[in-house]
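Below: the structure, in structure tokens.
The values are calculated or read from the model by the stated rules, or taken from the named source; none is laboratory data. In this text, all values refer to a predicted model and were calculated from it rather than measured experimentally. Cβ atoms come from the backbone with ideal geometry, glycine included; neighbour counts cover every protein chain shown. Surface accessibility is based on the protein's heavy atoms, side chains included, excluding ligands, DNA and RNA. Shrake-Rupley method; radii C 1.70, N 1.55, O 1.52, S 1.80 Å.
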Amino acid sequence: MSTLSQAVSSQSISSLQEQPVFTLRNATELSGRILLTSLFLLSGLGKITAYAATAGYMASVGVPGALLPLVIVTELLCSLAIILGWQTRVVSLLLAGFTLVTGALFHNNFADQIQMVMFLKNVSIAGALLMLAANGAGRLSLDRLRAKGD
């Protein structure tokens, strides 16, 4: 490595280390992760408290109620992982796929305007999750702490 590239590399590293942790960008990334996943977190908790009704609704659209525990675990664990910024890229991809599948299964009556809006909500949330998968969790995350330790 040339002396110039070593100097630039060490200068870049030292400037990264000097940046404050609590910046508007970092707080915005964390807030965005919390807001994005709050829907899944609350939905998972709601499914626990209304377990029989949710299983019945799933069965009414042809989805076996036996899948409900997997749905609850997916919503709760993926939400917490993204909030904490743990394995954010992988978990965001998983949750984006889950969101698109649930939208297609439960909101496919496009003649009903409410169902169309609900489907588009799912598509929009999946888009945000894909952006999170592409960009990562940001500085205030377990992913960032793990990367610093490598």
With Cα atoms, 0 to 90° folded angle of helix 88-106 axis to the chain main axis: 20
Accessible heavy-atom area order of Asp143, Asp112, highest first, probe of 1.4 Å: Asp112, Asp143
Cα gyration tensor shape for the stretch 46-86, rounded if a/c is under 1.5, else prolate or oblate: prolate
Whole-Hz ³J(HN,Hα) from phi, Karplus 6.51 cos²θ - 1.76 cosθ + 1.60, for the stretch 132-138, glycine and proline x: 5, 5, 6, 9, x, 7, x
Radius, Kirkwood style, for the chain when every pair of distinct Cα atoms is counted (Å): 17.5
Euclidean distance of C-alpha centroids, the stretch 21-87 and the stretch 129-150, integer Å: 19
Distance in nm between pseudo-label sites at Leu105 and Val117 (7 Å out along the Cβ direction from Cα): 2.4
Normalised per residue, the volume of the convex hull around the Cα set of the stretch 44-112 (Å³): 95
Accessible area (Å², 1.4 Å probe, nearest 10) - Arg33: 0
Per-pair calculated FRET efficiency, R0 = 25 Å: Val90 and Thr23 via Cβ, rounded to 0.05: 0.45
Accessible surface of the chain [probe 1.4 Å, protein heavy atoms]: carbon and sulfur percent: 71
For the chain: accessible area per residue (Å², 1.4 Å): 62
